[in-house]
Amino acid sequence: MVLAEREETPGTGEVIVEVAGCGVCHTDLGFFYDGVPTRHPFPLTLGHEISGRVVEAGPGADVWMGKAVVVPAVIPCGTCPACLAGRGAICPTQVFPGCDVHGGFASAVRVPAQGLCPVPALDDRTANPAGVDLVALSVVADAVSTPYQAAVRSELATGDLAVFVGVGGIGGFGVQIARALGATVVAIDVDDPRLERMAQYGASLTLNPNSMDQKALRKKVKEFAGAHGIPTWRTKIFETSGTPAGQLIAFGLLSHGARLSVVGYTPKPIEVRLSNLMAFDAIAQGNWGCVPELYPAVIDLVLSGRVALDPFVERRPLASINDVFAEVHAGGVQRRIILVPE
Ligand SMILES: [Zn+2]
Ligand SMILES: [Zn+2]
């Protein structure tokens with residue numbers, strides 16, 4: 001990646017957001033290292049977990065001038081038949097910064113005002129119980145909001161069992177969200193430090209599949225649910241690892257009436273017996289991003305301190321982007337990195 005300068009002028013309904021922070025997501029690495037195609041050709045500025053301040057507004061967007069905002073990773077058009085049906089996630093003209101248009105690994109970004117989520121200015125981190133600032137809020141744009149939408153879609157409620165397979169970026173926030181929504185939470189990951197952290201942040205049971213086979217894992221979850229009096233049909237499984245191994249584990253945990261949400265992404269296929277869905281009368285559902293309508297509820301969870309950001313994020317200067325990508329790609333980074341423009 002190289003530093004380049006570009007002039008941007010906001011068009012009708014668009015704004016320029018001065019970037020406070022932009023989180024580094026697995027998807028960015030997919031674009032950069034694995035040849036996952038972006039819809040806008042390279043050269044392209046990546047980055048879709050953006051928070052910042054509106055510093056310029058195009059015609060029709062002046063109400064946003066000066067506002068602190070989180071830019072949703074998926075920005076639906078708001079007017080097409082899919083959007084009007086409440087299915088903004090599949091809007092055919094949605095804008096995904098850092099894929100459809102230039103993204104947030106920059107000092108500023110031009111985006112549609114449609115869907116922006118206004119947030120308090122948060123210059124003072126002590127002004128809210130969670131000690132959150134605008135930089136930290138960047139991860140709401142994907143890592144926090146995406147598992148939130150998956151939880152809402154799965155109708156996760158008090159008394160349910162939520163099982164997260166993979167508790168890195170997305171899953172780590174997913175565990176906290178599920179706990180905040182009243183579920184009893186199981187965290188599964190191959191990384192013990194991550195599991196130990198999740199035990200502090202909402203997971204009642206942590207399991208490492210490296211120390212047991214699928215059958216034993218399934219038995220542990222089943223016993224735990226039984227001990228808590230939770231029936232199989234109140235089990236909601238979230239695949240948040242985005243790995244073939246995690247997907248196999250998540251599918252293998254399905255039981256009668258259970259629900260599987262596919263939240264993580266891998267381009268690699270897996271082989272499963274799809275008829276298990278039929279035999280278990282179970283449900284499997286994908287989840288793409290989070291519609292802007294749900295963002296205020298997510299912001300509320302964060303600002304009230306029910307979902308912690310700080311222990312799960314790390315700030316680095318934007319200029320270190322090449323090192324950061326290499327580090328995240330090599331694996332073992334425990335926190336989600338937020339790149340902060342100098
Ligand atoms: Zn992402
Ligand atoms: Zn639309």
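Of the strands (runs of 3 or more DSSP E) lying entirely inside the range 1-114, those carrying at least 1 residues that are in contact with a His (Cβ under 9 Å, 6 or more places away or on another chain) are 14-23, 68-71, 108-112. Of the strands (runs of 3 or more DSSP E) lying entirely inside the range 161-250, those carrying at least 2 residues that are surrounded by 24 or more Cβ atoms within 10 Å (Cβ to Cβ) and touching a residue at least 24 places away in the same chain (Cβ under 8 Å) are 161-165, 184-188, 235-239. Here is the figure for the range 1-45: residues that are of a type in the set (Asp, Glu) and touching a Cys at 6+ places or on another chain (Cβ under 7 Å) total 0.
One residue alone among 106, 89 is among the hydrophobic types (A, V, I, L, M, F, W, C) and away from ligand 2 (no atom under 13 Å from the Cβ), and that residue is 106.
Applying a threshold of 7 Å to beta carbon distances and a minimum spacing of six or more residues, or different chains, the list of pairs starting in the range 26-46 at a residue that is within 24 Å of residue 144 (Cα to Cα) and ending at one that is among the hydroxyl-bearing types (Ser, Thr, Tyr) reads 27/265; 31/38.
Quick one: is residue 126 more than 14 Å from the chain's Cα centre (by Cα), of a type outside the set (Asp, Glu) and not in a loop (DSSP other than H, G, I, E, B)? Spelling it out, residue 126 is indeed more than 14 Å from the chain's Cα centre (by Cα), of a type outside the set (Asp, Glu) and not in a loop (DSSP other than H, G, I, E, B). Considering 241, 255, 261, the condition of being under 21 Å from the mean Cα position of the chain (by Cα) and under 23 Å from residue 158 (Cβ atoms) is satisfied by 261 alone.
Only the coordinates and a few stated rules stand behind these numbers; no lab work does. Predicted, not measured: the structure shown is a model, and the values here were computed from it. A quick note on method: Cβ atoms are made from the backbone with ideal geometry, for glycine too, and the neighbour counts reach across all protein chains shown.
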